[in-house]
Each structure stands twice: as structure tokens, then as C-alpha cells.
Amino acid sequence: MWTKETKVVILTGAGISAESGIRTFRASDGLWEEHRIEDVATPMGWERNPQLVWDFYQERRRQLFEVGPNPGHVALTKLEEYLDEMLLVTQNVDNLHDRAGSKNLIHIHGELEKLRCEECDYVGIMMEDHDLTSSFVSCPECSNAVMRPHIVWFHEMPMRMSEIEKALNQCDVFIAIGTSGHVYPAAGFLASAKQQGSHCIGINLDPPLNFDLFDEFHQGKAGEILPELVHQWINTEQP
Ligand code: NAD
Ligand code: ZN
């Protein structure tokens with residue numbers, strides 16, 4: 001089934017970073033790290049209580065220094081090296097795919113290491129010690145505005161959707177890894193890929209919501225399963 005020319009789109013979610021020590025989203029009843037999603041992951045939450053939201057993301061941002069990519073992240077870089085065309089779309093806001101060495105990568109829900117100015121739209125990696133405290137950070141471009149997390153909150157538009165739709169329309173294989181299938185539009189990628197004839201593969205600890213659409217499902221931990229699967233895919237090239 002696999003050759004170097006096979007066009008592959010991969011969607012990853014919080015599950016691929018779980019073995020690196022970053023908690024998933026829906027581990028317990030709509031609470032994320034003991035916070036209500038509406039309080040810390042919506043524009044209304046930011047408007048209502050910016051300090052709470054800021055402290056929440058500052059903690060997540062500082063955590064990036066304590067974690068590293070796991071064998072699941074690394075396996076995907078091996079697959080990308082082998083294939084001519086692979087797009088990795090991640091819902092994760094951590095930088096573990098980047099640090100593992102993935103290249104053609106879209107962070108559909110934003111990136112923890114970046115901050116954004118709502119006044120002048122400046123976006124940049126801001127991870128110095130003085131950017132990581134409980135004090136708000138002012139914009140390096142227009143100086144009077146306060147930076148916000150460069151995160152796509154609920155009710156906001158995911159990033160680079162048209163590029164993703166184009167890749168989904170052309171892919172031969174679609175693989176979803178460590179994602180529960182609850183958060184749209186990402187949860188709809190599987191149905192789009194399936195509809196246009198892609199072979200759809202799922203890798204997840206628990207069967208996700210849209211489980212029945214997969215042509216092939218591998219249940220277990222991504223860090224344990226993916227290295228072996230990638231090895232097989234790379235070595236099953238037809239003569
Ligand atoms: P989710 O928490 O809803 O689902 C995670 C899925 O991963 C679950 O189905 C679970 O069974 C599975 N899983 C857990 N451990 C796994 C492992 N070791 N290997 C394979 N699968 C495993 O997460 P989601 O679907 O990504 O959607 C939630 C949202 O949460 C996204 O919008 C994302 O931006 C945000 N988020 C990101 C991070 C991060 O950046 N690491 C962490 C938490 C939440
Ligand atoms: Zn600015």
C-alpha cells in the first residue's frame with residue numbers, strides 16, 4: 001500500500017503528548033488541569049478574568065522546559081523523511097513535534113511558545129524568563145498593548161484551514177493519533193478524508209468518537225505503537 005509517493009495527512013491530538021507528561025484535555029469531566037474550559041479557553045474567559053487565563057497559560061508555557069518529545073513524535077519525523085509529501089496537522093499547542101524535527105507542520109490551535117498582540121497582530125516566540133511570569137507582557141512592536149496567548153480558543157477560527165482542506169482532498173492515507181474526536185473542525189477531517197477515498201487509520205488509547213469511520217484502528221499508546229507501525233509502513237514498499 002505504501003510508496004514514497006503515497007500522500008499522507010496526519011492529525012495529532014493531546015494523546016500523542018501524554019507519554020511526554022502533558023495531560024490530555026478531557027481526562028476528567030470537562031475539567032482541564034482543574035479549570036473549566038469556559039474560564040481558561042474562550043475569549044469570554046480572557047475578557048472576564050485575564051489574570052486567571054494568563055496564569056493558566058504561563059504555567060503551560062513554563063512546563064515546556066520540563067518535557068520532551070517521545071518515541072511517537074520521533075516516529076512521525078522518520079515517516080516524513082521517507083515520504084515525498086506528508087502534512088502533519090496538530091491540535092497540540094505544545095512544541096514537541098517541532099522539537100522532534102517535524103517540518104511540514106501546522107499548529108491548527110496555536111502555539112504556547114508564541115504570544116500575539118491584538119492591537120497590531122504581532123506574533124512571536126516569547127519564552128525568556130521575563131516573558132514567563134505572572135506579570136502581563138507588553139507588545140515589542142506597539143509597546144502599549146498587552147500580549148495574549150497565541151492560542152485558538154473555543155469560538156475562534158482554527159489556523160490555516162484552506163491549506164489543510166486542500167491536502168485532505170488529495171491524500172491517499174489519513175492518520176489520526178491521540179485525539180478523541182470531540183473538537184471540531186479537526187474532528188471532521190476524518191470524514192472528509194474518508195469521503196474522498198483515503199485509507200483512514202486511527203491510533204488511540206480509547207476508541208474515539210468517530211471510531212467507525214476508520215478502515216484500520218490500532219488501540220494503545222502512541223509512543224509504543226507508532227515506532228513499530230512506521231517501521232512497517234516504510235518497509236512494505238511494493239517492488
Ligand atoms: P482529548 O484530550 O480530547 O483526547 C485525547 C485522546 O488521546 C483520548 O481519546 C485518549 O484516549 C487518547 N490518548 C491518551 N493517551 C494516549 C496515548 N499515550 N497514546 C494514544 N492516545 C492516547 O484531546 P484532543 O482530541 O487533542 O482535543 C482537545 C483539545 O485540547 C485540542 O484543542 C488541543 O488544542 C488541546 N490540548 C492540547 C494539549 C497539548 O498541546 N499537548 C494538551 C491538552 C489539550
Ligand atoms: Zn502590538
Looking only at strands (runs of 3 or more DSSP E) that fall completely inside the stretch 170-237, which ones have 2 or more residues that are in contact with a Phe, Trp or Tyr (Cβ under 8 Å, 6 or more places away or on another chain)?
-> 173-177, 199-204
Scan the strands (runs of 3 or more DSSP E) fully inside the stretch 47-132 and keep the ones with 2 or more residues being within 18 Å of VAL146 (Cα to Cα).
-> 110-117, 123-125
Any chance ILE151 is within 17 Å of TYR184 (Cα to Cα) and in contact (Cβ under 8 Å) with a residue 12 or more places away in the chain | yes
Restricting the stretch 141-157 to residues that are surrounded by 12 or more Cβ atoms within 10 Å (Cβ to Cβ) and more than 18 Å from TYR57 (Cβ to Cβ), the residue that is farthest from the chain's Cα centre (by Cα) | CYS142
For residues that are crowded, with 19+ Cβ neighbours inside 10 Å and under 18 Å from the mean Cα position of the chain (by Cα), scanning just the stretch 194-209, find the one that is modelled with the lowest pLDDT.
-> PRO208
Log entry, pairs with first residue in the stretch 169-181 being under 22 Å from GLN219 (Cα atoms), second being in a loop (DSSP other than H, G, I, E, B) and of a type in the set (A, V, I, L, M, F, W, C), beta carbons closer than 6 Å, six or more apart or on different chains, reads GLY181/LEU209
Which one of these is farther than 22 Å from HIS155 by Cα, assigned by TED's automatic domain parsing to the domain that holds GLU165 and within 15 Å of ligand 1 (Cβ to nearest atom): LEU11, LEU76, LEU83?
-> LEU76
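The values are calculated or read from the model by the stated rules, or taken from the named source; none is laboratory data. As the structure is a computational prediction, the values presented were derived from the model and not from experiment. Because the Cβ atoms are built from the backbone with ideal geometry, glycine has one as well, and the counts that use them run over all protein chains shown.
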